[in-house]
Amino acid sequence: MIRICDDAEQLSRSAAELFVEQAQQAVAARGRFCVALAGGSTPERCYQLLAKPPLRELVPWAKTHVFWGDERCVPDSDPRSNARMAHAALLDQVPLPAAQIHLMACAENPAAAAQTYAALLQDFFPRSEPRFDLVLLGLGEDGHTASLFPETPALREKVRLVVPVQKPGEDFARLTLSAPAINSARLVVFLVSGKNKAAILSEILEGPSGRFPAQLITPVQGELLWLVDRAAIGQVPL
Ligand code: 6PG
């Protein structure tokens, strides 16, 4: 499903409203809301909107658990940290218990951290594959999502829930949810904004499958939503 927003601000507002809706539905149905946040820059404004009235008061924070789709293995204070951005934009401004913020802390030992995070997910979702109520994802211009980068072994991961990644050219490692872990979610939402994403978005939505990591995201028993703005959808004939 594709939902087109006029601009980045409306995309952020739509994403924040969707977050509220999913949170309320999850808590009503299952007593808790489990969300995996995206990194990068696109989701920041969405997080800021959730940190302020009126949306702030509509999220059942006491029953919300926050995870990440991926993280850079850098110190928490490092400006490249996805958790740092989420804390600044949202998590430090809302009454979310610290014990319900599940950081992908991997600055020391990415391989061990991947196993630890996977074990956390298995404990947290004991009866089945992780069933995040919502996974937010961004899209890179090379078609990556989370830290599933083209031509990396993580793309072939079918068993592990969390894997360490070394993106060529980066001097730090990353952790990422594997495609199967993401695909077990109830709802996966890509947030895609800006004309710099138009070419890749057109390739992904219109071109053959199986060419880009983002095309691995096909929820097994859940929904997939592309939340895009006009600048990004420009080239896609709908
Ligand atoms: C990361 C993100 C990554 C991001 C895309 C889009 O940690 O880098 O998880 O997948 O979502 O690169 O980034 P922008 O939103 O900044 O365009």
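Quick notes on this structure:
- Listed peptides 105-111, 176-182, 129-135, 29-35 appear in the order 176-182, 129-135, 29-35, 105-111 once ranked by packing, highest mean of other Cβ atoms within 10 Å at the front.
- With both residues required to sit in the chain, DSSP beta bridges show an antiparallel share near 30%.
- Global form of segment 149-238, assessed from the alpha-carbon gyration tensor, a/c cut-off 1.5: oblate
- Measuring nothing but how far apart in sequence close Cα pairs (under 8 Å, 6+ apart) lie, relative to its length, the chain scores a relative contact order of 23 percent.
- Listed from fewest to most Cβ neighbours within 10 Å, the set Lys63, Lys52 follows the order Lys52, Lys63.
- Cysteine residues of the chain whose C-beta has no other cysteine C-beta under 4.7 angstrom: Cys5, Cys34, Cys46.
- Only one residue of Gly138, Thr176, Leu227 has its Cα farthest out toward the positive end of the dipole of segment 125-238, where Lys and Arg carry +1 and Asp and Glu -1 on Cβ, and that residue is Thr176.
Read-outs: derived from the displayed coordinates by stated rules, not from any lab. Remember, predicted model here, so these are calculated numbers, not experimental data. Every residue, glycine among them, receives a Cβ derived from its backbone with ideal geometry; neighbour counts consider all protein chains shown.
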